[in-house]
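What follows draws every value from the coordinates through simple rules; no lab data is involved. The shown structure was predicted, so the numbers you read here are calculated from the model rather than taken from an experiment. We place every Cβ from the backbone using ideal geometry, glycine too, and count neighbours over all the protein chains shown.
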Amino acid sequence: MTHAYDDTNIFAKILRGEIPNDTVLETEHSLAFRDITPKAAVHVLVIPKGAYVTYDHFAREASNAQIADFTRAIAEVCRREGLEEGGYRLISNAGEAGLQEVPHMHVHILGGQALGPLLAG
Ligand code: AMP
């Protein structure tokens, strides 16, 4: 997969403050905000502030500090949203097969209800 980053994507605009977002958590290297079209009672997106396209791009090229910050941001969102006890699901769509809509790496945190099977159909 190629990792050419296009900074006109909507999450880059959110990071530049050009469009609003419903922030749940901001850390040095990461931002978590509510998905605009929630698919579950709790649906939060966590993104790195750096210019990474997919999870594999981020995991290969981000610094250890960025990766640690991102991983801990996910844990903190789970805590703040009360998901630790009832459980949750993390999803990171990548590329064509993953039907990735926004080409800035993100992890979906879904929870607050029974989520059903991993894949429909
Ligand atoms: P995907 O790239 O397929 O993993 O999904 C991108 C997600 O971004 C979708 O769930 C959208 O609802 C969400 N989304 C798109 N634009 C915004 C926005 N401005 N604020 C919050 N979430 C958004």
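Loop-resident trypsin sites (Lys or Arg not before Pro) (DSSP state other than H, G, I, E or B) in segment 1-37 with no more than 10 further Cβ atoms inside 10 Å of their Cβ: Arg16. Which angle between 0 and 90 degrees, to the nearest 10, do you get for helix 64-80 versus the longest principal axis of the chain when only C-alpha atoms count? Taking Cα atoms only, the helix is inclined about 30 degrees. Its relative contact order, with pairs defined as Cα atoms under 8 Å and 6+ residues apart, puts the chain at 31 percent.
Packing, taken as the mean count of other beta carbons within 10 Å per residue, orders the peptides 75-85, 59-69, 101-111 from highest to lowest as 101-111, 75-85, 59-69.
One decimal place: the segment Ala120-Thr27 gains 30.1 nm when fully extended, by the rule 0.36 nm per residue minus the C-alpha distance.
Answer rounded, prolate or oblate for segment 10-111, using the Cα gyration tensor with square roots of eigenvalues a ≥ b ≥ c: rounded when a/c is under 1.5, else prolate when a/b is larger than b/c, else oblate.
Working: a/c = 1.29, a/b = 1.22, b/c = 1.06.
Because its axes are fairly even, with a/c under 1.5, segment 10-111 counts as rounded.
The phi torsions of segment 24-36, fed into the Karplus equation with coefficients 6.51, -1.76 and 1.60 and a -60° offset, translate into couplings of 9, 7, 10, 10, 4, 10, 9, 9, 10, 8, 6, 5, 6 Hz, rounded to whole numbers, with Gly and Pro shown as x.
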